[in-house]
Amino acid sequence: QLLFVESGGGLVQPGGSLRLSCAASGFTLDNYAIGWFRQAPGKEREGVSCISSGGGSLNYVDSVKGRFTISRDNAKNTVYLQMNSLKPEDTAVYYCAARFYGCAGWAPTPYKYWGQGTQVTVSS
């Protein structure tokens, strides 16, 4: 069953921007660190960004530093990923996921709750 609903994906030209949203249902995000992952065809799922439960710790994989910004609004039970200066290599299905023990590491397995994903395509 889906516990997150991702939205905001779509087709954008290189250099463009998108904002992804991850809305939780059935539970509150307050006690969870939230990560964004992506998976391109034929490639392994990779971590992109993570935000701690209180928003005080932000983490980014090197390839998106300076371009992506993760944020959260616990009052709205939603986490966001602002993606700027998008590149074709950012094309993937993006997933949000929740873990209890913070943002240490990029392994997907500690993330116990996952959304269905939203497609991001960067192409001219």
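For the residue pairs K43/K76; K65/K112; K43/K65, the alpha carbons lie more than 23 Å apart in K43/K76; K65/K112. Between region 81-124 and region 20-54, how far is it from one alpha carbon centroid to the other, in angstrom? About 6 Å separates the Cα centre of region 81-124 from the one of region 20-54.
Quick check for you: with a 1.4 Å probe and neighbouring chains kept, what is the accessible area per residue of region 20-112, in Å²? Spell out each step's value before the answer.
Details: 4420 Å² over 93 residues.
Per residue, region 20-112 has 48 Å² of solvent-accessible surface.
When E89, E6 are compared by accessible area at a 1.4 angstrom probe, the order from most to least is E89, E6. Solvent exposure of D30, expressed as accessible area, is near 70 Å², computed with a probe of 1.4 Å over the protein chains only. Rounded to the nearest Hz, the phi-derived 3J(HN,Hα) couplings of region 48-54 under the Karplus curve 6.51 cos²θ - 1.76 cosθ + 1.60 (θ = phi - 60°) are 10, 7, 8, 10, 6, 4, x, where x marks glycine and proline. For every other residue with a beta carbon closer than 15 angstrom to the beta carbon of S49, add +1 if it is Lys or Arg and -1 if Asp or Glu, then tell me the sum. After counting each charged neighbour, the total is +3.
The values are calculated or read from the model by the stated rules, or taken from the named source; none is laboratory data. In this text, all values refer to a predicted model and were calculated from it rather than measured experimentally. No Cβ is skipped: glycine too gets one built from the backbone with ideal geometry, and neighbour counts run over all protein chains shown. Areas reflect the complete protein model, heavy atoms only, side chains present, ligands, DNA and RNA absent. Shrake-Rupley method; radii C 1.70, N 1.55, O 1.52, S 1.80 Å.
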